Amino acid sequence: SEILILFQGYQGMVDGGDNIVEVSWESVSSILQVGGTVIGSARCKSFRTREGRLQAAYNLVQRGITNLCVIGGDGSLTGANLFREEWSGLLEELAQKGKIDEDAVKKYAYLNIVGMVGSIDNDFCGTDMTIGTDSALHRIIEVVDAIMTTAQSHQRTFVLEVMGRHCGYLALVSALACGADWVFIPEYPPEEGWEDSMCVKLSENRARKKRLNIIIVAEGAIDCHNKPITSEKVKDLVVQRLGFDTRVTILGHVQRGGTPSAFDRILASRMGVEAVLALLEATPATPACVVSLSGNQAVRLPLMECVQMTQEVQKAMDEGRFNEAVSLRGRSFENNLNTYKLLSHKKPDAELPKTNFNVAVLNVGAPAAGMNAAVRAAVRVGITEGHKMFAVIDGFEGFARGKIKEISWGDVGGWTGQGGSILGTKRTLPAKYLEKIADQMRTNNINALMVIGGFEAYLGLLELSAAREKYDEFCVPMVMVPATVSNNVPGSDFSIGADTALNTITDTCDRIKQSASGYLANMGALAAGADAAYIFEEQFDIRELQANVEHLTEKMKTSIQRGLVLRNENCNENYTTDFIYQLYSEEGKGVFDCRKNVLGHMQQGGAPSPFDRNFGTKISAKAMQWISKKLKETYRKGKVFANTDDSVCLLGMRRRNLVFQPVAELKSETDFVHRIPMEQWWLKLRPLMKILAKYKTSYDVSDSGQLEHVAMHSPKEAETGAI
């Protein structure tokens, strides 16, 4: 197919000429890691007029273009839909004016349009995440983390203004990801008298020796009378009422810039493929659609339904129907808001229920960024539900040694942004300590267990449930939340920590453009634009290595003078990193030089990415609510007794939903020898990586999105659904 790029958006379409250019493979190489848009983007007044659209239609017909892929926000996509609806009328008018002939009218009778939502605000209904949102969150969190380091030396209040004129997503999620003290968003204005409530909360924090207060304000924040709440107004209030040293930071266009995050690169790559498939399958009868993300599933939605729903949100806000506005934003937004409300404000002790249940939380396996956010959410939700929360230090090994203590709401303050595992974590399995762990459970009267960790956590829960016959102490509700950089836990598409590790790999690959772990090597290759990725899950032999070297040698003879190869640490015991390095060095003599880099433990460290903080917080809060439900169900005659399979579960993200799955049922899906699930969703993306590295291969389209309708959800659905 001939692929053309329209420079400067609709302006380029109206102006025509050199703005419409055929593109080659090489001309889009190396743009994956570049922020912004290399093909330009422009707001276009003339495209809003029929005259402008007539000129655009003429330019497209001249180049024989009848398929458009539009990447933009709701304004761009609304314009695209109108253009499609007018298309036949525009061609008729061009024919009447003698600019095109009747054959052209027939030949180019239909215009197919597919939209991809590129907007940092995440303000488009129908998709969980728009392209650019995750990168904007990275920029915001980088600033918050930098501010937090200054808190060691100054006692200050920071008011941070983030983008979002009509949508509070960035403000809400960054508040959730950094544990902000207060957040102002347009969809959920504070109640009357918020000034007093906020000042009381800030002074309570000071009394508890919290050195830093962070208040996040969306630029479009309003009060319940639809009057603006500005960052300056918030600052003045804090200074006048409390006399606190207060600073305002307005992030502005910083949020649009910088290198795209790994999540955005993979999202955009997947959506790009989905858009091409949708265009290939489009007929005159199919409506213009947008490709979007629901959970971890690509879906197609009628463009106009999404636009109408997005406009309904604004209408609801203008008319003061704020609960409806939140609901219209979708289940992901609603989930974020409910979780923030749950975790940010502690009710007075007198208002908390008292269940007399004790719940223990522990980390098991290797450290993963986001574990601390998960512990914080578990502790705070548990306290809100009326339980006494206990923290176990150093996993099952620490448990056996009695390293367990009660943990309070304030103890976990500021944990979301911390890397590694504050509670400490060990790979040790519980089987050899069963009696000692049972003793500790009895001594501390533990009625439920929450385990945050990787494959060892999963094995540990299987061992504890098998030991129920011998030890009544293990007959309690137990839940696991997956947290491991390798993303190798059965029952979940994602695990906490994998996104941070992917960003580490991607950053390194950007700097040096070579080495990485199955999921990590494959997805890292996709996000970094690698030429080859060697992983355990897909066997390879010397012939494939030879083909890769020849492919790279040919590529080096073009204008693209670089190559990048990623290798999973355990992909093959004989084809080591050194072997592959030596092979490429020998075969590339006179054509290219070779360097190697082993990333190792740096993938486990560092500050957690916004995705991992958010995912860890929400999945853990949901797991704790499940524990509360199970405790009520299994409490009989003064004690908790749970011995059925469905009382030991793993909470995982499966395609579009968060689901609790009994660990016993997951055994049939697990390859225990190699410590991986038998089926892994991301392997379907392998051919995509190869296609993008210019290998001839086929891509399985059975998983591609089908056209659905935008559904209004009930509040109940928000609880069961999306991240």
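The values are calculated or read from the model by the stated rules, or taken from the named source; none is laboratory data. Computed from a prediction, not measured in an experiment: that's the story for all the values here. Glycine gets a Cβ as well: all are built from the backbone with ideal geometry, and neighbour counts include every protein chain shown. When the accessible area is computed, the model is the full protein with side chains, heavy atoms only, and any ligands, DNA or RNA have been set aside. Shrake-Rupley method; radii C 1.70, N 1.55, O 1.52, S 1.80 Å.
Below is a table of values for the structure above.
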quantity: Residue selected from the range 61-75 under the condition closer than 17 Å to residue 109 by Cβ and either in contact with a strand residue (DSSP E or B) (Cβ under 8 Å, 6 or more places away or on another chain) or not aliphatic (A, V, I, L, M) (or both), by the criterion surrounded by the fewest Cβ atoms within 10 Å (Cβ to Cβ); calculated: 64
quantity: Residues of the range 632-685 that turn out to be open to solvent by less than 20 Å² (accessible area, probe 1.4 Å), of a type in the set (A, V, I, L, M, F, W, C) and part of a strand (DSSP E or B), as a count; calculated: 7
quantity: Filter pass, residue 258 being within 19 Å of residue 172 (Cα to Cα) and not in a strand (DSSP E or B); calculated: no
quantity: All positions within the range 406-416 that are open to solvent by 40 Å² or more (accessible area, probe 1.4 Å) and not in a loop (DSSP other than H, G, I, E, B); calculated: 406, 410, 411
quantity: Residues located in the range 580-631, provided they are open to solvent by 50 Å² or more (accessible area, probe 1.4 Å) and either at pLDDT 95 or above or within 15 Å of residue 415 (Cβ to Cβ) (or both); calculated: 607, 625, 629
quantity: Identity of the residue in the range 87-104, in a helix (DSSP H, G or I), closer than 15 Å to residue 59 by Cβ and not aromatic (Phe, Trp, Tyr), that ends up most open to solvent (accessible area, probe 1.4 Å); calculated: 93
quantity: Conditions (1) aromatic (Phe, Trp, Tyr); (2) within 30 Å of residue 504 (Cβ to Cβ); (3) open to solvent by less than 30 Å² (accessible area, probe 1.4 Å); number of the one not met by residue 322; calculated: (2)
quantity: Condition broken by residue 186, with the remaining ones in (1) open to solvent by less than 10 Å² (accessible area, probe 1.4 Å); (2) not hydroxyl-bearing (Ser, Thr, Tyr); (3) not in a loop (DSSP other than H, G, I, E, B) satisfied; calculated: (3)
quantity: Pick from the range 471-506, criterion within 19 Å of residue 362 (Cβ to Cβ) and assigned to a helix (DSSP H, G or I), ranking: least open to solvent (accessible area, probe 1.4 Å); calculated: 474
quantity: Residue match in the range 146-159 (condition: part of a helix (DSSP H, G or I), open to solvent by less than 10 Å² (accessible area, probe 1.4 Å) and either closer than 25 Å to residue 289 by Cα or in contact with a helix residue (DSSP H, G or I) (Cβ under 8 Å, 6 or more places away or on another chain) (or both)); calculated: no
quantity: Residue among 12, 52, 40, 35 that alone is open to solvent by less than 40 Å² (accessible area, probe 1.4 Å), more than 30 Å from residue 135 (Cα to Cα) and either outside any loop (DSSP other than H, G, I, E, B) or not aliphatic (A, V, I, L, M) (or both); calculated: 52
quantity: Residue pairs meeting the criteria (Cβ under 6 Å; at least 6 apart or on separate chains; first within 16 Å of residue 623 (Cα to Cα), in the range 374-394; second of a type in the set (Ser, Thr, Tyr) and part of a helix (DSSP H, G or I)); calculated: 374/620; 377/617; 377/620; 378/620; 385/628
quantity: Selection within the range 215-244 - of a type in the set (Asp, Glu) and open to solvent by 60 Å² or more (accessible area, probe 1.4 Å); calculated: 219, 232, 236
quantity: Set 419, 402, 382, 365: member being modelled with pLDDT of 95 or more, out of contact with any His (no Cβ under 9 Å at 6 or more places or on another chain), surrounded by 19 or more Cβ atoms within 10 Å (Cβ to Cβ) and in the same structural domain as residue 457 (by the TED database); calculated: 382
